[in-house]
Amino acid sequence: MRITPARGTHLPEVAALMGASPLLERYGVTRTSARASLREGLRARDLLLLGVERGEIVGVAWVVLTRALDRAAYLRLLLVAEGWQRRGVGSALLRDSERRVRRSGARHMVLLVTTTNRRARAFYRRAGYRKVGDLPDFARAGISESMYVKTFPRRARAG
């Protein structure tokens, strides 16, 4: 699998992937709303990475780079296409995202995961994230999420 930054030409396929997600459907995401959000993300220079296998987009990682919260990057979305889950796509996208945000100067990566999504919570714990709290009804009424954070080791300064 190849990981590549998203461009405007990728938006229809990424929006279709997002619109087909049962998880994102709970948040009211449609192809149309996904495409508009993705366009906005590209304009804002968010980090949008795609996992591509044989010309097909099989996963997406969307990170909002910020200086807020002690230079924490926010993993807005990590989504793997049906049929490609549990094949290392999400892990590869997460590792590449972390590498890129660390290089940009981020000290932490923060994310939200639905409290009922046991597989995702275990995935992030294995990747070194720790739960810092629950946020009921934060992003959408009726859905509780947990916030996870990973703090990157500080790099030694040349002296």
Is at least one residue of the range 64-75 under 24 Å from residue 2 (Cβ atoms) and touching a Lys or Arg at 6+ places or on another chain (Cβ under 8 Å)? yes
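Go over the candidates 54, 99 one by one and state the one that is within 16 Å of residue 127 (Cβ to Cβ) and either out of contact with any strand residue (DSSP E or B) (no Cβ under 9 Å at 6 or more places or on another chain) or not polar (S, T, N, Q) (or both). Walk me through it before giving the result.
Details: 54 fails: within 16 Å of residue 127 (Cβ to Cβ).
Step by step, each of 54, 99 is checked, and only 99 is within 16 Å of residue 127 (Cβ to Cβ) and either out of contact with any strand residue (DSSP E or B) (no Cβ under 9 Å at 6 or more places or on another chain) or not polar (S, T, N, Q) (or both).
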Filter the range 119-149 down to residues that are of a type outside the set (Phe, Trp, Tyr), more than 14 Å from the chain's Cα centre (by Cα) and in a loop (DSSP other than H, G, I, E, B) and give me whichever is modelled with the highest pLDDT. 128
Condition broken by residue 110, with the remaining ones in (1) among the hydrophobic types (A, V, I, L, M, F, W, C); (2) outside any helix (DSSP H, G or I); (3) under 24 Å from residue 16 (Cβ atoms) satisfied: (3)
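Does residue 49 satisfy the condition of being at pLDDT 95 or above and more than 12 Å from the chain's Cα centre (by Cα)?
no
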Any idea which of 41, 28 is farther than 30 Å from residue 154 by Cβ and either modelled with pLDDT of 95 or more or surrounded by fewer than 21 Cβ atoms within 10 Å (Cβ to Cβ) (or both)? 28
Residue pairs within 6 Å by beta carbon, gap of at least six or interchain, first lying in the range 17-32 and within 18 Å of residue 48 (Cα to Cα), second among the charged types (D, E, K, R), listed first then second, are 19/31
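The values are calculated or read from the model by the stated rules, or taken from the named source; none is laboratory data. This structure is a prediction, so every number in the text was calculated from the model and none was measured. Every residue, glycine as well, gets a Cβ built from its backbone with ideal geometry; the counts of neighbours run over all protein chains shown.
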